[in-house]
Amino acid sequence: ENTVNNRYAIANNQGLELARGKCVLYLNGDTMLLGNAVKEMADFLKSQKDAGAVGCQLVYPDGSRQDSCFRFPSAVNLFYLVCLSRFYWETRLVGNYLFKNLTTPQIVDFVVGACLMARRDILLTCQGMDPEYYFYGEDSDLCYRIRKAGWNIYYLPKSERIVHYGGVSSTINLFDNDQRIKYLWGWKSRFLFVKKH
């Protein structure tokens with residue numbers, strides 16, 4: 001237990017050092033598990049030999065679906081988001097996957113770190129999450145390094161769902177309830193990813 005908020009990457013790395021199972025589940029504190037989502041992810045990692053990590057469908061408290069997997073940020077993606085996305089949103093340049101195309105378990109670039117399960121030995125090889133990411137981006141960076149190590153990232157669209165309340169604790173504790181600062185850190189993490197990779 002930490003006496004201060006050490007941020008997501010640092011705290012998760014502390015947990016990784018203590019973990020002893022074959023799989024490690026990263027799960028945000030502002031989530032609520034429904035059904036057997038954790039078992040489904042663990043069973044999938046056990047049966048899918050090329051899977052290094054897996055994520056499942058996150059939903060808002062009202063039951064509507066959240067984007068739970070994305071494409072990696074790129075210079076082209078950032079340019080499109082800043083300059084052109086207000087004109088047309090349904091393109092892969094935005095960085096998300098369209099719900100209509102997510103009907104079966106499939107390989108994606110990365111899954112949202114609010115609920116991400118990975119093989120512990122791979123996480124140790126990749127040295128966990130990069131603490132250089134202050135807020136957001138830890139998940140994309142980790143999944144990128146897992147993919148570079150030769151493993152795939154899978155998304156399970158039909159899994160039992162997990163309610164994600166969406167940054168309730170981080171907004172209060174890290175940003176004094178200022179959404180603008182949270183938004184700014186999201187952009188900084190995208191630029192850091194592009195610079196790094």
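The values are calculated or read from the model by the stated rules, or taken from the named source; none is laboratory data. Remember, it's a predicted structure, so these values are computed and weren't measured experimentally. Positions of Cβ are backbone-derived with ideal geometry, glycine not excepted, and every protein chain shown enters the neighbour counts. With ligands, DNA and RNA removed, areas are computed over all heavy atoms of the protein, side chains included. Shrake-Rupley method; radii C 1.70, N 1.55, O 1.52, S 1.80 Å.
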At a Cα cut-off below 27 Å, give the lysines reachable from LYS39, other chains included and same-chain residues fewer than 8 away excluded. LYS22, LYS49, LYS100, LYS148, LYS158
In whole Å, what are the extents of the chain along the principal axes defined by its C-alpha atoms, from largest to smallest? 45, 42, 36
Counting only complete DSSP H runs, which helices of the chain cover 20 Å or more along their long axis at the Cα atoms and score a mean Kyte-Doolittle of -1.0 or above? 179-196
I'd like the accessible area for LEU78, computed on protein heavy atoms only with a 1.4 Å probe and all protein chains in place. Round to 10 Å², please. 10 Å²
Spacing of the two label points (7 Å from each Cα toward its C-beta) at GLU1 and GLU160, in nm: 2.8 nm
Summing -39500 (n - 2.57) over the DSSP H runs of n ≥ 4 in the chain and dividing by its residue number, what mean residue ellipticity at 222 nm do you reach, to the nearest 500 deg cm²/dmol? -11000 deg cm²/dmol
Heads up, I need the accessible area for THR31: 1.4 angstrom probe, whole protein in place, Å², nearest 10. 30 Å²
Counting other Cβ atoms within 10 Å, keep those with at most 10, restrict to DSSP loop, and tell me which trypsin sites (Lys or Arg not before Pro) in region 1-82 are left. ARG20, LYS49
Sort LEU123, LEU25 from largest to smallest accessible area, using a 1.4 Å probe on the heavy atoms of the protein chains. LEU25, LEU123
For a quick check of understanding: with a 1.4 angstrom probe and all protein chains in place, what accessible area in square angstrom does SER64 have, to the nearest ten? 50 Å²
Out of region 4-99, which chymotrypsin sites (Phe, Trp or Tyr not before Pro) are coil in DSSP terms and have no more than 16 other C-beta atoms within 10 Å? PHE87, TYR88, TRP89
Need the full-extension length gain, LYS49 to VAL194, defined as separation in residues times 0.36 nm minus the C-alpha distance. One decimal, nm. 49.3 nm
Sulfur and carbon atoms: percent of accessible area, the chain [1.4 Å]: 55 percent
In Å², and per residue, what accessible area does the chain have when probed at 1.4 Å with the other protein chains present? 55 Å²
If each residue of separation counts as 0.36 nm, what is the full-extension length gain between ASN101 and GLU17 once their alpha-carbon separation is subtracted? 26.6 nm
